[in-house]
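The values are calculated or read from the model by the stated rules, or taken from the named source; none is laboratory data. All of these numbers come straight from a predicted model, not from anything done at the bench. All Cβ positions, even for glycine, are placed from backbone atoms using ideal geometry, and neighbour counts span all protein chains on display.
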């Protein structure tokens, strides 16, 4: 049984254009909503342009939410660790790279 929409976390919800609400607890569910809307547009075949436009707008909102969910997260570094030093290769690696590039 599905939980009532009012009791869901608001960060999981994506509000559609026609008072539709999409519960997106993870990327797989979000992708299923997008695929469902794409199939619905294909079934309409241009017969109902208003509904197809609303589905496209909902897909845009879902894609925005997807990009928000997949943003890279900043990694907390221990105090005193230089970020540049962490990314810089070791001297032995540099010589290996020079030989392989030649």
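Restricting the search to region 14-51, which residues are free of Cβ contacts under 8 Å to residues at least 12 places away in the same chain and over 23 Å from residue 69 (Cα atoms)? Before you say what the answer is, go through the steps one by one.
Within region 14-51, the first condition is being free of Cβ contacts under 8 Å to residues at least 12 places away in the same chain, and the residues that meet it are 19, 26, 28-29, 32, 35-36, 39, 42-51.
Once the filter is applied, which keeps residues that are free of Cβ contacts under 8 Å to residues at least 12 places away in the same chain and over 23 Å from residue 69 (Cα atoms), region 14-51 yields 39, 42, 43, 44, 45, 46, 47, 48, 49, 50, 51.
For region 33-75, what are the residues that are touching a helix residue (DSSP H, G or I) at 6+ places or on another chain (Cβ under 6 Å) and on the phi > 0 side of the Ramachandran plot?
Those that are touching a helix residue (DSSP H, G or I) at 6+ places or on another chain (Cβ under 6 Å) and on the phi > 0 side of the Ramachandran plot: none in region 33-75.
For region 52-63, which residues satisfy the criterion of being in contact (Cβ under 8 Å) with a residue 40 or more places away in the chain and within 18 Å of residue 12 (Cβ to Cβ)? Give the steps one after another, and end with the answer.
Kept after step one, since they are in contact (Cβ under 8 Å) with a residue 40 or more places away in the chain, are these residues of region 52-63: 57-58, 61-62.
Answer for region 52-63, where residues must be in contact (Cβ under 8 Å) with a residue 40 or more places away in the chain and within 18 Å of residue 12 (Cβ to Cβ): 58, 61, 62.
Those residues that are modelled with pLDDT of 85 or more and more than 17 Å from residue 21 (Cβ to Cβ), I need them from region 62-83; list them, please.
Once the filter is applied, which keeps residues that are modelled with pLDDT of 85 or more and more than 17 Å from residue 21 (Cβ to Cβ), region 62-83 yields 67, 70.
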